[in-house]
Amino acid sequence: MLAPETAARIRTELAAVLDRPEARTGLLTVAAQILQAQDRVDFYAELAGPVREHLAHL
């Protein structure tokens, strides 16, 4: 997510997998973990904004 071009390519290449319900559950789980840990892990703090934006599109 910090590299939008790479993220877009991954979403395009893996669309058939990422569009499945179980993938959505996985994405929501990872997003929740990142947001929950953002105060403890600097890298997660950097990802918090982009993760929130991505969640709006799920």
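The values are calculated or read from the model by the stated rules, or taken from the named source; none is laboratory data. Source: prediction; values computed, not measured. Here the Cβ is made from the backbone with ideal geometry for all residues, glycine too, and neighbour counts use every protein chain on show. Each accessible area value is taken on the protein alone, full model and side chains, heavy atoms only, with ligands, DNA and RNA left out. Shrake-Rupley method; radii C 1.70, N 1.55, O 1.52, S 1.80 Å.
Roughly to the nearest percent, how much of the accessible area of the chain is carbon and sulfur, given a 1.4 Å probe? Write down the numbers at each step before the final one.
Values: 2560 of 4500 Å².
That share works out to 57 percent.
Given an 8 Å cut-off on Cα distances and at least 6 residues of separation, report the relative contact order of the chain as a percent.
32 percent
Where does the chain land on Rg(C-alpha)/(2.2 N^0.38 Å)?
1.14
Can you give the charge dipole size of the chain about its Cα centre, rounded to the nearest 20 debye, using +1 on the beta carbon of Lys and Arg and -1 on the beta carbon of Asp and Glu?
The dipole of the chain has a size of about 160 debye.
Rolling a 1.4 Å sphere over the protein heavy atoms, what is the accessible area per residue of the chain, to the nearest Å²? List each step's numbers first, then the result.
On the way: 4500 Å² over 58 residues.
Normalised by residue count, the accessible surface of the chain is 78 Å².
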